[in-house]
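First up is the structure itself, then whatever we jot down about it.
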Amino acid sequence: MRITSQFLLNNFRQDQQKVNQELKKVTEQIASGKKIQNGYDDPAIFNDSLKFDTHINELKGVQERTQKALNFADATDSALQEFTNSIRTFKNSLIRAASDTHNADNREAIATALEKEKSYMMTLANTQVAGQYIFAGSATSVKPVDANGNYQGNGAEVQTVLGEGVSLAYNVDGVSLFLGSDEKVHKTVSTNISLKTYDSGDSGEIMQSTSKLSDLTGDDQNPFTFKISGFAHDGSVVKKEITLQPDATMQNLLDRIGEAYGNTPDQKKVDVSLDTHGHIRIQDLKSGMSQLELKLRGEQNGNVLKFNESGYTLAVPGTPADPVNDDSAFFVQRGNKLEGNVTLIADGKLATPGTKLSEIANGSLDGKAFRFVLKDINGTDQTATLNLYNTNGSTLTINGTTYNIYDAEQDSSGSDVRTTADSMTLGQLDDVIAMVLSGKLPASNDKAGYDIAIAQAKKDVHVTISQSGKLQIENKANDKALEFAFFDVDAADMDNTTPSFALMSNDAVTTQKPEMDFFYQLDEIIAAVRNGSQHPESDNANPRNIGLQDAIAQLDQFDSHFNKNLAKTGVIQKSLTNAQDRAQSMELSIKELKSELTDVDIAEAYMNLNQLSLSYQAILSSVTKVNALTLLNYMK
């Protein structure tokens, strides 16, 4: 009998402990609102909950990153809107300045106001968000535009991660914004000497396309000879010498110029016209980056006809035995640097140090010779020659000594490699230029001596390609003024049409071009306002200034360019907003799933609590009854 009673009592106690545990569990669930309190309560729920938490944290990270990027994009949008407003202010001021009613004092006042507007745009270019420069590319800690308007940042994207394998660039870099290109713009060049009918008092009338060539000189007996040279859209050499009779018209000359650039009766590659100011204009009919260039000279009975005046000094100004070489112009000073005026392009893109010279020339340079005429860092006048060969490699000759030019890397067998004509890069040419300007020549005619000379030369002379594609030279050794000219020795030979290239040229003025150098061009526009020049004119203070009319067209190009970037920023803002909304929605959905997995049903929990409480009371009652049993109860 005692055994049976003890057995029942043990069972009641086990049931009591079990109910106690269940009561505790339900009480904790009601108190916390969660199904489990510890991982061991239900490992499956706990593991799934951890996965949900990880995903929720990832989505919160996406929201934080997209908000940061959205703040960045919002600031970019505001700055770009201010840029477009300033550009339109510029244009309105130019239209006023172009009016004949404004005198020099009025134009000076307008120019001063435009300088302030330009300063404001430079401030916009250096806009910061949370300590980051928004137009500096990925170099967000670098002030993108210096006091001279030079861009100091890079062209890299700043990206935010939206998910695994998904990222979005949210910046507008300064390279594309201030030094970018508009592929819809057609490059246009213009001569700057107004062609007028012959008059000894220099009061002739502007030539028309129907005017006879003899009207230029008053000589209707002797034929005219014209030398047309330059580069076509793709960088191929253009050279043509033509003869026209004095009764030929200006239109005949324009047609022959077009033919030199590839025009045929069935297809035109360029549009050649005579504008209302007597300037010859050529427009590339293929839009986008172009290497189009024009040099034009004429002669009749020993009298020279000039079509362009740049004010440049030529290393080869021309003699009866040595024709003028317009590509021998000395580099111009820009700030503390010398700079060429030719934008170096290869395959429709700005050249880089790794671009091959043959790619810029659009053909083999084997057998070409280029001349250096310079004043080095010691103030010494020098002449050197770069000979390019595919066989046996290229050489540099200076002061009667010839040096081999070597590739930076050895070949697979470990042998030194002499640089061939068609493998030589722009960066290698930069090295050679630094060497001749510094006077640091190889001590030995081998790769070791060459490499040492280049390393020493770079310490004294910095040669680079600007972000607008032009060659720049800086004297780092002292404050002596450098002089530098570099040209194809056969540039003036009209019979030599082999591929070539130029770094600086006394060519026609570029009035429109796809590529930009925003702040530099603003300076040129302000100078046009001060000068009051309507068009490129040879008698202006700067004969290569494009003038007010072309400046207005240039501002239209800027306006379009900035608006495109504004639209691009709008797309970025929309994408970021959508990504943020999507992350918030996904976070909410996952939280709901997690809630269904981990949160307790309070009503159900209270029901369970009531049932367990009743069970617990019943167990207690049964235990009490069992404890009260005696032998007398059984005897009854």
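How large is the convex hull of the Cα atoms of region 160-232 per residue, expressed in Å³ as a whole number?
In region 160-232, the Cα convex hull volume per residue is 179 Å³.
Counting other Cβ atoms within 10 Å, which trypsin sites (Lys or Arg not before Pro) in region 400-486 have at most 14 and lie in a DSSP loop?
Listed in order of number, the matching sites are K476, K480.
Could you give the C-alpha radius of gyration of region 86-137 expressed as a fraction of 2.2 N^0.38 Å, taking N as the number of residues it contains?
After normalising by residue count via 2.2 N^0.38 Å, the value is 1.52.
Placing +1 at every Lys and Arg Cβ and -1 at every Asp and Glu Cβ, with all other atoms neutral, what dipole size does region 151-276 have around its Cα centre, in debye to the nearest 20?
240
Tell me, in nm to one decimal, what length is gained between S585 and S560 on full extension, where the rule is 0.36 nm per residue of separation less the Cα-Cα distance?
Between S585 and S560, full extension yields 5.3 nm more.
Past 19 Å, Cα to Cα, is the threshold; run K91/K574; K116/K187; K240/K306; K184/K349; K196/K269 against it and keep the listed order.
K91/K574; K116/K187; K196/K269
Give me a comma-separated list of calculated 3J(HN,Hα) values for region 536-545, in order, Karplus coefficients 6.51, -1.76, 1.60 applied at θ = phi - 60°, integers in Hz, x for any Gly or Pro.
x, 9, 5, 9, 6, 4, 10, x, 9, 5
For region 187-274, with every protein chain kept in place, what is the accessible area per residue (1.4 Å probe, Å²)?
Here the residues of region 187-274 average 48 Å² of exposed surface.
If the cut-off is a Cα-Cα distance under 14 Å, which aspartates and glutamates reach K118, setting aside same-chain residues fewer than 8 apart in sequence?
Answer for K118, where 14 Å is the Cα cut-off: E82, D146, D517, D523, E524, listed by chain and number.
Working from Cα positions, state the angle (0 to 90°, nearest 10) between the long axis of helix 447-460 and the longest principal axis of the chain.
Computed tilt is about 90 degrees.
Which whole-number percent gives the relative contact order of region 380-469, counting Cα pairs below 8 Å spaced six or more residues apart?
Rounded, it is 21 percent for region 380-469.
Report the percentage of all Cα-Cα pairs in region 151-302 whose separation exceeds 26 Å, rounded to a whole percent.
Here the tail beyond 26 Å accounts for 43 percent of pairs.
From zero outward in steps of 20 Å, how is the percent of C-alpha pairs of the chain spread across the bins?
Reading the bins upward from 0: 15, 35, 23, 10, 8, 6, 2, 0, 0.
Which value in deg cm²/dmol, rounded to the nearest 500, describes the helix-derived mean residue ellipticity at 222 nm for the chain, given -39,500 (n - 2.57) per DSSP H run of n ≥ 4 and division by the residue count?
It comes out at -14000 deg cm²/dmol, rounded to the nearest 500.
With axes computed from alpha carbons, what is the tilt in degrees of helix 602-628 against the longest principal axis of the chain, rounded to the nearest 10 within 0 to 90?
Rounded to the nearest ten degrees, it is 30.
Quick one: which residues, 5 or more positions from A346 or on another chain, have an amide H under 5 Å from its amide H? H modelled 1.01 Å from N in the peptide plane, none for Pro or chain starts.
When sequence neighbours closer than 5 places are left aside, the close amide H contacts are A351.
What is the Cα centroid distance between region 201-249 and region 394-442, reported in whole angstrom?
Using only Cα atoms to place each centre, the spacing works out to 43 Å.
When only DSSP loop residues count, what trypsin sites (Lys or Arg not before Pro) in region 153-252 have their Cβ near at most 12 other Cβ atoms within 10 Å?
Filter output for region 153-252: K184.
To the nearest 10 degrees, how steep is helix 250-260 against the longest Cα principal axis of the chain, on a 0 to 90 scale?
With both axes taken from Cα atoms, the answer is about 60 degrees.
Which cross-chain or sequence-distant (5 or more) residues have an amide H under 5 Å from the amide H of R544, H modelled 1.01 Å from N in plane?
none
Quick one: putting +1 on the C-beta of Lys and Arg, -1 on the C-beta of Asp and Glu, what dipole do you get for region 226-383 around its Cα centre, in Debye to the nearest 20?
Dipole about the Cα centre, nearest 20: 240 debye.
Pull out the extension gain between Q245 and N71, defined as 0.36 nm times the separation in residues minus the alpha carbon to alpha carbon distance; nm, one decimal.
Here the segment from Q245 to N71 would lengthen by 55.8 nm.
What aspartates and glutamates sit close enough to K480 to cross-link, taking a C-alpha to C-alpha distance under 14 Å and skipping anything fewer than 8 places away on the same chain?
D376, D381, D460
On the protein heavy atoms, probe 1.4 angstrom, tell me the percent of accessible surface of region 177-267 carried by carbon and sulfur.
Carbon plus sulfur share of accessible area: 40 percent.
Rg over Rh of region 233-343, using C-alpha atoms and the Kirkwood radius, what does it come to?
With Rg and the Kirkwood Rh in hand, the quotient comes to 0.98.
So if I place +1 on the C-beta of Lys and Arg and -1 on the C-beta of Asp and Glu, and nothing else carries charge, what would the dipole magnitude of the chain be about its Cα centre? I want it in debye, nearest 20.
I would put it at about 3220 debye.
Per residue of region 219-232, in order, report the coupling 6.51 cos²θ - 1.76 cosθ + 1.60 (Karplus, θ = phi - 60°) as ³J(HN,Hα) in whole Hz, putting x for Gly and Pro.
Along region 219-232, the couplings run 9, 9, 10, 9, x, 9, 10, 10, 10, 9, 8, x, 9, 7 Hz.
Work out how much length Q81 to S236 would gain on full extension: take 0.36 nm times their residue separation and subtract the Cα-Cα distance, in nm to one decimal.
51.8 nm
Enumerate the amide H contacts of V129 below 5 Å, restricted to partners 5 or more residues apart or on another chain; note that Pro and chain-start residues carry no placed amide H.
I134
Apply 1/(1 + (r/R0)^6) to the Cβ-Cβ distance of T497 and A567, taking R0 = 35 Å, and write down the FRET efficiency to the nearest 0.05.
0.20
Projected area of region 433-526, taken from the Cα convex hull and averaged over every viewing direction, in nm²?
Averaged projected area of region 433-526's Cα convex hull equals 9.4 nm².
Per residue, how much accessible area does region 357-515 show when a 1.4 Å probe rolls over the protein heavy atoms, in square angstrom?
So region 357-515 comes to 38 Å² accessible per residue, rounded to a whole number.
Write down Rg/Rh for region 375-415, rounded to two decimals, with Rg from the C-alpha atoms and Rh from the Kirkwood relation over Cα pairs.
1.12
Please compute the contact order of the chain in relative form: average sequence separation of alpha-carbon pairs under 8 Å and at least six residues apart, divided by the residue count, as a percent.
20
Would any residue of region 494-529 have its amide N under 19 Å from a label point 7 Å out along Cα→Cβ of N92? List them or say none.
The answer is 526, 529.
Quick check on region 329-459: what does the Kirkwood estimate of hydrodynamic radius come out to from the alpha carbon pairs, in Å?
Kirkwood radius, region 329-459: 15.5 Å.
The values are calculated or read from the model by the stated rules, or taken from the named source; none is laboratory data. Here the structure is a predicted model, which is why all the values come from computation and not from measurement. Neighbour counts run over all protein chains shown; Cβ positions are idealised from the backbone, glycine included. Note: accessible area is taken over every heavy atom of the protein model, side chains too, but ligands, DNA and RNA are not part of it. Shrake-Rupley method; radii C 1.70, N 1.55, O 1.52, S 1.80 Å.
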